[in-house]
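Worksheet: the structure to be examined is printed underneath.
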Amino acid sequence: MKQLCFFLGLLVLNIPLFSQSLFESSFTSGDSNKKKFQIYGYIRSNVFANETDYRSVFGETSIKLETKSFKFGNAFSEIRIKQNLLGNGLSSKVDFREGYVNLYLSDFDFRIGRQIIVWGRADGFNPTNNLTPQDFTAFSPDEDDKRLSNFVLSCTYNFHPYKLIANWVPVYKPGILPFKKTNLPEGIIWGANDFPPYKLSESNYAIKLSIEKASFDGSVSYFNGYHKLPGLCYESNDSLNQQVYLTAHHTQIIGFDFSTAISNYGLRGEFAFSNPSQKKAQFGSVPKSQLEYTIGLDREWGNFNLITQYIGKYVIDFHAYGMSANGVHNPFTNQLTIWNKMIYGQQNKLSHSISLRPSLSLVHQTLSCEILSLFNITTEEIYVKPKIAYKLSDNLTLSAGAQLYQGPENTLFDILSKGLNAGFFECKVFF
């Protein structure tokens with residue numbers, strides 16, 4: 001373990017020095033005002049491990065390119081190159097995380113390309129965030145790395161203090177669920193996904209009207225398209241041809257969010273009502289209509305900050321677990337129904353959760369400590385992620401912590417705990 005960490009540390013510390021000097025000599029020479037673009041990013045090494053095994057060991061380079069703003073806009077892109085050190089051989093992955101062009105035309109702003117759009121003002125648990133899917137299997141100290149980008153055409157009309165935003169998503173992109181690594185019963189395999197075809201009529205649309213004032217921020221939003229969370233379906237032609245596959249459902253979502261201040265406290269909230277177009281589906285692969293809501297308070301005391309939130313959900317026309325009414329009765333299809341209820345958080349008619357995020361900054365803001373935690377009171381699921389980060393310099397940061405899921409049998413956090421529970425260490429150099 002010590003030898004591996006030492007090797008990774010050397011790898012991280014040497015490559016950035018060469019890379020930084022290369023970038024500086026190639027792109028920053030001459031008058032800085034004449035630069036047409038800049039390149040920056042990071043190189044990091046990560047180790048995730050539990051008491052007995054490594055969960056993930058990888059090195060990653062992020063290269064960001066941003067053009068200089070010109071009269072009518074600019075452009076930005078980020079490419080991540082990741083090499084996983086576990087497995088039979090070294091596996092590398094190139095991720096075109098974002099790449100878009102900004103156009104500014106009078107009161108209209110356009111952003112076209114692959115991008116990450118996050119709606120909502122709550123801390124991490126956003127029921128109005130309908131455009132950005134997540135990877136629930138990702139290993140990273142940074143929660144934002146779970147977000148997945150998509151190709152979007154976004155148009156913003158600015159009329160202070162309001163903004164009207166319209167988004168068109170031509171291609172459906174689902175979130176990544178942990179069930180693909182689950183062992184299926186003998187004779188059942190994973191089949192091809194049943195996702196919307198690449199047609200204009202199958203696009204996703206969303207609009208949002210927001211207001212931004214000194215004492216109050218808020219917005220109302222509407223989404224019409226395929227939900228970012230796919231469901232699980234089952235098909236059996238005969239005893240030798242059985243398969244499970246992912247499917248998408250069409251829905252409409254109306255949302256509202258706000259943030260303001262009351263005395264020394266920050267108050268924020270989100271509300272979303274979702275109404276799936278399809279009312280009945282195989283094994284609960286389409287959820288029931290539901291109302292989600294998040295209310296949070298935050299406060300600073302010097303270097304200490306605390307964010308606390310209540311997260312609730314009300315499921316309309318709720319039905320408890322029971323034998324499938326789809327004409328197929330066996331233990332696996334009933335398990336499939338339970339999994340779908342996990343995915344959409346509809347195990348109960350009413351759900352109540354509490355999230356806490358205390359954070360502390362020390363040593364002239366070079367040492368930061370925080371704990372992100374979520375407790376689902378209804379299902380008794382718990383998620384805790386403590387993290388300590390120390391800035392050795394402006395360019396070098398060391399981080400350590402853990403991500404821990406826990407839940408009763410037949411809960412989502414119980415499944416996540418089996419593959420994701422781990423302590424982690426990260427060495428990250430910025431350039």
*Count the net charge of all other residues whose Cβ sits under 13 Å from the Cβ of LEU291, scoring Lys and Arg as +1 and Asp and Glu as -1.*
0
*asked:* Run the numbers for ASP107 and VAL94: contour at 0.36 nm per residue of separation, minus the present Cα-Cα distance, in nm.
replied: 1.0 nm
*asked:* Can you find, among GLY312, TYR234, VAL118, the residue sitting farthest towards the positive end of the charge dipole of the chain, where Lys and Arg contribute +1 and Asp and Glu -1 at Cβ?
replied: VAL118
*Within segment 50-156, report the trypsin sites (Lys or Arg not before Pro) that DSSP leaves as loop and that have at most 13 other Cβ atoms within 10 Å.*
LYS68, LYS71
*For a paramagnetic label modelled at 7 Å from the Cα of ALA166 toward its Cβ, which residues of segment 231-261 fall within the zone defined by backbone nitrogen distances under 20 Å?*
252-255
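Could you pull out the GluC sites (Glu not before Pro) across segment 338-423 that fall in loop regions by DSSP (anything but H, G, I, E, B) with no more than 15 other Cβ atoms inside 10 Å?
Working: sites: GLU370, GLU380, GLU381, GLU409; in loops: GLU380, GLU409.
Of the GluC sites (Glu not before Pro), the ones in loops of segment 338-423 whose Cβ has at most 15 other Cβ atoms within 10 Å are GLU380, GLU409.
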*Distance between segment 325-374 and segment 155-175 - C-alpha centres, whole angstrom*: 28 Å
_Helix-only mean residue ellipticity at 222 nm, the chain, DSSP H runs n ≥ 4 weighted -39,500 (n - 2.57), per residue, nearest 500. What is it?_
-4000 deg cm²/dmol
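Using the beta-carbon distance between SER263 and SER201 and R0 = 56 Å, what value does 1/(1 + (r/R0)^6) give for FRET efficiency, to the nearest 0.05? Provide the component values of the computation, followed by the final result.
Working: r = 51 Å, r/R0 = 0.90.
It comes to 0.65.
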_Just to check I understand the Karplus step: with θ = phi - 60° and J = 6.51 cos²θ - 1.76 cosθ + 1.60, what whole-Hz values come out for segment 112-118, glycine and proline as x?_
10, x, 7, 8, 10, 10, 10
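Write down the percent of antiparallel bridges among all DSSP beta bridges whose residues are both part of segment 2-430, to the nearest 5. Working shown, then result.
On the way: 179 of 184 bridges.
Antiparallel bridges: around 95 percent, rounded to the nearest 5.
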*Near the amide H of GLU381, under 5 Å away, which other amide H atoms are found, from residues 5 or more places off or on another chain, if H is placed in the peptide plane?*
ASN376
*Can you give the Rg to Rh ratio for the chain, taking only C-alpha atoms and Rh from Kirkwood?*
0.97
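For a footprinting-style exposure proxy, rank LYS35, LYS387 by other Cβ within 10 Å, fewest first.
Least crowded to most crowded, the residues run LYS35, LYS387.
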*Where in segment 262-306 is the amide nitrogen less than 19 Å from a point lying 7 Å along the Cα-to-Cβ axis of LYS213?*
262-270
*Could you pull out the pairs from LYS146/LYS180; LYS181/LYS313; LYS82/LYS341; LYS280/LYS349 whose alpha carbons sit more than 22 Å apart here?*
LYS181/LYS313; LYS82/LYS341
*Would you please give the residues with an amide H less than 5 Å from that of ILE176, counting only those at least 5 places away or on a separate chain, with H modeled from the backbone geometry?*
GLN134, ASP135, PHE136
_In segment 140-225, GluC sites (Glu not before Pro) in a DSSP loop with at most 13 other beta-carbon atoms within 10 Å_ = GLU186
_Listed residue (TYR265, VAL244, ASN275) projecting farthest to the positive dipole end of segment 196-279, Cβ model_ = TYR265
*Would you mind telling me which residue in ILE188, ILE382, ILE117 has the biggest mean-square fluctuation in a Gaussian network model of the chain, where springs connect alpha carbons within a distance under 10 angstrom?*
ILE188
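Computed from the coordinates by the stated procedures, all read-outs in this text should not be read as laboratory data. All figures in this text were calculated on a predicted structure; none of them were measured in a lab. No Cβ is skipped: glycine too gets one built from the backbone with ideal geometry, and neighbour counts run over all protein chains shown.
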